[in-house]
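For reference, the structure discussed in these notes is given below.
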Amino acid sequence: MAQPWEDSYDSAQKRTEDTRRKMFSDAIREKVPALDNSLIFMTPSEVLSAMESNLIIKDFHARLKHYVPKEKEIALLFPDAERKPWTRGKTNALIYRNLYTALKSTGLEDKVAIFTLSPVLGVVPEEWYDRMPMYDSSGLQSYMVKRRGLSWNPEDFRRVIELSGGILAEFMERSHKVFGSWHAVFQAPSVHQRMLEVSLDRNPLPVWTHPSRKSLADSYSHVKELLRSITEPERGKKR
């Protein structure tokens, strides 16, 4: 049986962690007001638990299985962003503002269907951006978790990547014939790259990959350069 002082110590530790978590959660919400406070995941274990049992997340996964995309020339897989929503004309996420501007300037705006790579939701079609679960998955960034003094579980992280990669593989299997070609733009290395690799290992469909060593938020011209490789296939890498 635990001694009273042990109970007091454990209780004090829990109160301290709860206070710290609330402080981080409030800071995240202040930065991104659109977030659902119940969908802020600060560790890999929290993300994994949400993917396995959170009703909002599970409902999204279920709806995705019945999603039927509209035919377009190109399917573009693009990373999720911390700031939400990502809606065209409404977003504060730099990588999406850069993407929309680059699509327009390269003449691809009407030819591309955008699908967001999300380690929590798997895939988010552009037309769902306004009604998707507004989540925060900073718990999958090891430096962020450790900086917050929280627990980093590498096995749970690997499991999240396996699950999200599996959702992506199933989505692409159902949808790959709708589009003339598939392309993926992502920063390397990244969680998005890893989930894409899991997906293509499971289901090796043809996808042109366009990795970037620089942040996609750096500049519109950098994203435009990456998109040019969609119209010039020799500049991309096919998997």
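The values are calculated or read from the model by the stated rules, or taken from the named source; none is laboratory data. Not measured: the values here are computed from a predicted model. Please note: Cβ atoms are built from the backbone with ideal geometry, for glycine as well, and neighbour counts cover all protein chains shown.
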Legend entry - The listed residue being aromatic (F, W, Y), touching a helix residue (DSSP H, G or I) at 6+ places or on another chain (Cβ under 8 Å) and either at pLDDT below 95 or not in a loop (DSSP other than H, G, I, E, B) (or both), out of F78, F60: F78
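Per-residue answers, yes or no, for (1) at pLDDT below 90; (2) of a type in the set (S, T, N, Q):
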| position | (1), (2) |
| --- | --- |
| A2 | yes, no |
| W5 | yes, no |
| S8 | yes, yes |
| A12 | yes, no |
| E17 | yes, no |
| R21 | yes, no |
| A27 | no, no |
| V32 | no, no |
| N37 | no, yes |
Inset, instruction - May I ask you to verify whether R97 is surrounded by fewer than 18 Cβ atoms within 10 Å (Cβ to Cβ) and within 18 Å of the chain's Cα centre (by Cα)? - result: no
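Results for (1) buried (at least 19 other Cβ atoms within 10 Å of the Cβ); (2) in contact with a helix residue (DSSP H, G or I) (Cβ under 9 Å, 6 or more places away or on another chain); (3) closer than 11 Å to V47 by Cβ, shown as yes or no for each residue.
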position: M144; (1), (2), (3): no, yes, no
position: R147; (1), (2), (3): no, no, no
position: V160; (1), (2), (3): yes, yes, yes
position: K177; (1), (2), (3): no, no, no
position: S181; (1), (2), (3): no, yes, no
Inset, instruction - Output the number of the condition that L103 fails; it satisfies all remaining conditions of (1) within 27 Å of E162 (Cβ to Cβ); (2) among the aliphatic types (A, V, I, L, M); (3) surrounded by 21 or more Cβ atoms within 10 Å (Cβ to Cβ). - result: (1)
Inset, instruction - Collect the residues in the stretch 205-226 that are in a helix (DSSP H, G or I) and touching a strand residue (DSSP E or B) at 6+ places or on another chain (Cβ under 6 Å), keeping them in residue-number order. - result: L226
Inset, instruction - Within the stretch 157-188, count every residue that is within 16 Å of K72 (Cβ to Cβ) and of a type outside the set (A, V, I, L, M, F, W, C). - result: 7
Inset, instruction - Can you confirm whether the stretch 104-117 contains a residue that is assigned to a helix (DSSP H, G or I), touching a residue at least 12 places away in the same chain (Cβ under 8 Å), more than 24 Å from N203 (Cα to Cα) and not polar (S, T, N, Q)? - result: no
Inset, instruction - Only residues that are among the basic types (K, R) and in contact with a Ser or Thr (Cβ under 9 Å, 6 or more places away or on another chain): list them for the stretch 75-105, please. - result: R83, K84, R97
Inset, instruction - Go through the stretch 130-164 and count every residue that is assigned to a loop (DSSP other than H, G, I, E, B) and within 15 Å of M195 (Cα to Cα). - result: 2
Inset, instruction - Of all residues in the stretch 166-189, count the ones that are under 22 Å from I57 (Cα atoms) and either of a type in the set (S, T, N, Q) or in contact with a Lys or Arg (Cβ under 7 Å, 6 or more places away or on another chain) (or both). - result: 3
Legend entry - Index of the failed condition, S199 passing every other in (1) surrounded by 13 or more Cβ atoms within 10 Å (Cβ to Cβ); (2) not in a helix (DSSP H, G or I): (2)
Legend entry - K72 under 22 Å from H183 (Cα atoms) and surrounded by 12 or more Cβ atoms within 10 Å (Cβ to Cβ): yes
Inset, instruction - Please list, ordered by first then second residue, the pairs with beta carbon atoms under 6 Å, 6 or more apart or interchain, first in the stretch 125-147 and of a type in the set (F, W, Y), second part of a helix (DSSP H, G or I). - result: Y135/L39
Inset, instruction - Considering every residue within the stretch 87-110, establish whether at least one is within 17 Å of A169 (Cα to Cα) and touching a helix residue (DSSP H, G or I) at 6+ places or on another chain (Cβ under 6 Å). - result: no
Inset, instruction - Write out, first by first residue and then by second, each pair whose Cβ atoms fall under 7 Å of each other, whose residues are 6+ apart or on separate chains, and whose first residue, in the stretch 203-214, is without any contact (Cβ under 8 Å) to a residue 60 or more places away in the chain and closer than 14 Å to H183 by Cα while the second is in a loop (DSSP other than H, G, I, E, B) and among the charged types (D, E, K, R). - result: T209/R239
